[in-house]
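In what follows, a single structure is set out as structure tokens and then discussed.
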Amino acid sequence: MACNVYRNGTGLHKGAMRPLAASNSSNVKSSSFKSRIPPSSNHSPGSAPLRRSKSAGGSDGVPGRVRVAVRLRPRNAEESVADADFADCVELQPELKRLKLRKNNWDSETYEFDEVLTEFASQKRVYEVVAKPVVETGTGKTFTLGRLGEEDTSARGIMVRSMEEILANVSPETDSVFVSYLQLYMETIQDLLDPANDNISIVEDPKTGDVSLPGATHVEIRDEQDFMELLRTGEAHRIAANTKLNTESSRSHAILMVHVKRSVLGAEDVIPSETDKSSHFAKPPKPLVRKSKLVLVDLAGSERVHKSGSEGHMLEEAKSINLSLSALGKCINALAENSAHVPVRDSKLTRLLRDSFGGTARTSLIVTIGPSPRHRGETTSTILFGQRAMKVENMLRIKEEFDYKSLSRKLEIQLDKLIAENERQQKVFDDEVERINLEALNRVSEVERNFADALEKERLKCQMEYMESVKKLEEKMIENQQKHGCDGFMKDKCNGEGPVSSIVEDVAEVKKLLEKEIHMRKEAEDEVNKLKSQLGQCPDSGEGGGSEILKLQKALADEVRQKKKLEEEMIILRSQMLQLTFEADQMRRCLGRNGSANAYGGLDSPMSQVRDSLNGHKTPVAALFEQVGLQKILALLESEDANVRIHAVKVVANLAAEEANQERIVEAGGLTSLLMLLRSYEDENIGRVVAGAIANLAMNETNQELIMIQGGINLLSVTASRAEDPQSLRMVAGAIANLCGNDKLQTKLRSEGGIKALLGMARCGHPDVLSQVARGIANFAKCESRASTNGIKSGRSVLINDGALPWIVQNANNDSSPIRRHIELALCHLAQHEVNAKDMISGGALWELVRISRDCSREDIRSLARRTLNLSPIFRAEMRRLRIEV
């Protein structure tokens, strides 16, 4: 390495290194080092803060100007003799960080730099103010950069001091340091550690533009002694020559590259359980490799041939040096002037220093000048070169990457351990299963014997209960007959043989009683009509006439009350008769399965005849509907008798289950009556049945709007908060779920508390309730997706705003098939609106969508999930980042 005694020159060092322990990011980050923007500022070069870029991908950087320092060398022996009568052409003012360049005895020019170092500045001082800020964030002429200082450690140059700093801050367990030492000679890159490798190619990454030298030798450095040996080897192979200006003139640019790697572990990703109360397992931490590259360049000085006296091959070397330095000067000029084109490809030197000027590295430049007035021209050009370099702005970044190979090895080891543990547990499990099977076989025979005995006892008990129920029913019918003055009903009853004949005769008698009640009702109606006619024809006859009218009105009111009472009793009797028929059929089937079919074989024919004669092969509710009339059934909803009222509600609920009856019920005011009853009920049984009836009516879109208009959404929300019984909650959740499928009710459902009530019912935890909640969420999400596609709605989903997403993700893989199917559909519909994508990613819904696209049992849902993931740019980008394919 040549010593710059007779000429001016520059030294360059650059780096993307920062203190290795300072970064804990998992992606590409940027650091910031603020230089003094006017050069005259008094900020210390090492005092600038380190900051991170806002961009996770590294696309943004932080500006950092190229820092330039100037160092004055003392006069050499020749200059001291030849220029003894002349003053120095340079006057330094280090405290002001500027220098004056004398043109003559009267005129001078002043230049400001980041640092001005006198000829008395120590090597340590040069390192601390120029190189150390770059080494701390990453890491020159030959004396300043490459002096080994073997005899005097205080004379050590920047290279040695930089490596001392690096080795003092690395750990052998997690860090590795590799060094390459190269020279750029006659536009060819040669390896100073392997002289045979004399034509190394420059490779540029087409995506990032990063420059690398894959053919260069990389030597691992473990201590300072290794590095000193490497420098000695490299210096021995560096090309130098004797010129008129310098006895050991460098004929090449020396390049020292230091690569530092640190392996660190990123944060663990915890995968929550379905209840979010604990974590079943955690993803292994991602190993990060934090890479830093420090480049120190000793630039050969430019030569004026008439002064250096270079001839022949040395002349060609001088031309090559001057051409590369000229190309570097052009690049710096273009960058300083913000030119649209920077000619970085004019020289291999500018390609190697691409990151140093206008790139992503932190760069410091030190220029050396001499005091002799004979070399004022060279000193002036060197100072101007430094001034232009100070105008260059770099965008600083630090880069990190994942060590996937290390992660793969750790996962393989972990997998082997898990497989071995699983095999051990499987063997224990198989042994336990075999033991349990043996115990089970021993108990099966005992259980079978006990079951046979218990079955016989249960059969006898069932027969006794049947006979007892028939007896109670007969007593109840006798009481009803006596209550209505039908004393002859039981006297005319024939003595049947066995319980079957008794039941058939009881049903026949109930039918007769109903016919008699109908006849009495008709006679009462005729009597009422007759009294009304008489009342209308009665002339005004003073007090006697008024008295007669009052008697008639009283009699009329009595007849009306009696009529209403008879109607209620008729409905009850009809219901009892149908119930009796049903119980008889059930008993017949039960006894037939237990071997008693022969004894009661004759039951089917007469019972079928009774049902056919009463119902005309129609359902019991339909028969009751036709025989009594809708208006009278609805009127019973307001009965003072609680038993009558709940019976009427059940009839209306069953009628509403058939679509053909719904319109008639609504037209007759049944919906209004049900809502009024829901508003004022006290018995939870009534509330449950009313909610079921409203749920049946809410299956029709027209009825859904009527429910909304009459305040039904608010009533259902209040009922949901009051109810505790799972069956009541299931009915209410079913009603709200039906309303969630109407596009016109979306706003009302949220404003009147329908959505929050639906989510609140999930507290019950009963599978039937959760199924209805999931169905409602799926219906609501589908309507939202349709509205977003048509441009009617914008913004995040109401379900996400109301906090439903965690519950949806938690139950996306529920064991219950209906719940899981509805939740899977809801996730697909939510994901179709792009504005929901980020919330779904952060909430863990992306993993569930990927699972659905792969493992869902229904092909249509799998296809919908795949199509949704592929059409969303946000989902696609996240899956690329996570290396997920669907």
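So for D558, D85, D802, D526, what's the accessible-area order with a 1.4 Å probe, most first?
Values: D558 65, D85 145, D802 35, D526 85 Å².
Ranked list, largest accessible area first: D85, D526, D558, D802.
Mind ranking M314, M390 by accessible surface for me, highest first, 1.4 Å probe?
Details: M314 50, M390 10 Å².
If we order M314, M390 from most to least accessible, we get M314, M390.
In a shell of Cβ-Cβ distance under 15 Å around Q727, excluding Q727 itself, what net charge do Lys and Arg (+1) and Asp and Glu (-1) give?
Details: positive: K650, R688, R722, R730; negative: D683, E684, E724, D725, D768.
Summing Lys/Arg as +1 and Asp/Glu as -1 gives -1.
Given a 1.4 Å probe and every protein chain left where it sits, what share in percent of the accessible area of segment 404-473 is carbon and sulfur? Working shown, then result.
Values: 3670 of 6220 Å².
Accessible surface attributable to carbon and sulfur in segment 404-473 totals 59 percent.
Just the Kirkwood number for segment 759-860, please: inverse of mean 1/r across all distinct Cα pairs, in Å, one decimal.
Working: mean 1/r = 0.0734 Å⁻¹.
After inverting the pairwise mean of 1/r, the radius is 13.6 Å.
To the nearest 10 Å², what's E229's accessible area with a 1.4 Å probe?
Counting only protein heavy atoms, E229 exposes about 90 Å² to solvent.
What number comes out for the charge environment of V219, summing +1 per Lys or Arg and -1 per Asp or Glu over other residues with Cβ under 13 Å away?
Values: positive: R222, R232; negative: D191, D194, E220, D223, D226, E229.
With Lys, Arg at +1 and Asp, Glu at -1, the net is -4.
Any idea how far apart C462 and I709 come out in nm if each label point goes 7 Å out from Cα toward Cβ?
5.3
Output wanted: per-residue J couplings in Hz (rounded whole) for segment 809-819, from phi through Karplus 6.51 cos²θ - 1.76 cosθ + 1.60, θ = phi - 60°, x for Gly and Pro.
With the stated coefficients, segment 809-819 comes to 5, 4, 9, 5, 10, 5, 5, 6, 4, x, 4 Hz.
Once ligands and nucleic acids are excluded and a 1.4 Å probe is used, how much of K457 is accessible, expressed in Å² to the nearest 10?
Accessible surface of K457 is approximately 140 Å².
So what's the net charge close to L869: Lys and Arg +1, Asp and Glu -1, counting the other residues with Cβ under 15 Å from its Cβ?
Working: positive: K838, R851, R854, R862, R866, R867, R876, R880, R881, R883; negative: E824, E834, E848, D855, E878, E885.
Residues close to L869 contribute a combined charge of +4.
Calculate the length of the line joining the C-alpha centroid of segment 690-768 to that of segment 172-220, in whole Å.
Cα centres, segment 690-768 to segment 172-220: 72 Å.
What ranking, highest mean first, results for peptides 404-414, 790-800 when packing means the other Cβ atoms within 10 Å averaged over each residue? Write out the running numbers ahead of the final one.
Values: 404-414: 12.3, 790-800: 15.0.
The peptides rank, most packed first, as 790-800, 404-414.
Anything over 29 Å Cα to Cα? Flag those among K457/K650; K293/K405; K293/K348, in the order listed. Write out the running numbers ahead of the final one.
On the way: K457/K650 36 Å; K293/K405 21 Å; K293/K348 19 Å.
With Cα atoms farther than 29 Å apart: K457/K650.
Report the label-to-label distance for R351 and I413 in nanometres (one decimal), using points 7 Å from each Cα along the Cα→Cβ vector.
Reported label-point gap for R351 and I413 is 4.2 nm.
How high is the relative contact order of segment 192-263? Use alpha-carbon pairs under 8 Å, at least six apart in sequence, and give a whole percent.
On the way: 50 pairs, mean separation 17.2, N = 72.
Contact order relative to length: 24 percent.
For F227, tell me the accessible area in Å² from a 1.4 Å probe, rounded to the nearest 10.
Its accessible surface works out to 0 Å², give or take rounding.
Sorted by mean Cβ packing within 10 Å, highest first, what order do the peptides 172-178, 852-858 take? Mind dumping the intermediate values first?
Details: 172-178: 14.0, 852-858: 16.0.
Per-residue mean Cβ counts within 10 Å order the peptides as 852-858, 172-178.
Could you please put H259, H237 in sequence from largest to smallest accessible area, using a 1.4 Å probe?
Of H259, H237, the descending order of accessible area is H237, H259.
The values are calculated or read from the model by the stated rules, or taken from the named source; none is laboratory data. Remember, predicted model here, so these are calculated numbers, not experimental data. Here Cβ is always computed from backbone atoms with ideal geometry, including for glycine, and neighbour counts include all displayed protein chains. Note: areas computed on protein heavy atoms with side chains; ligands, DNA, RNA excluded. Shrake-Rupley method; radii C 1.70, N 1.55, O 1.52, S 1.80 Å.
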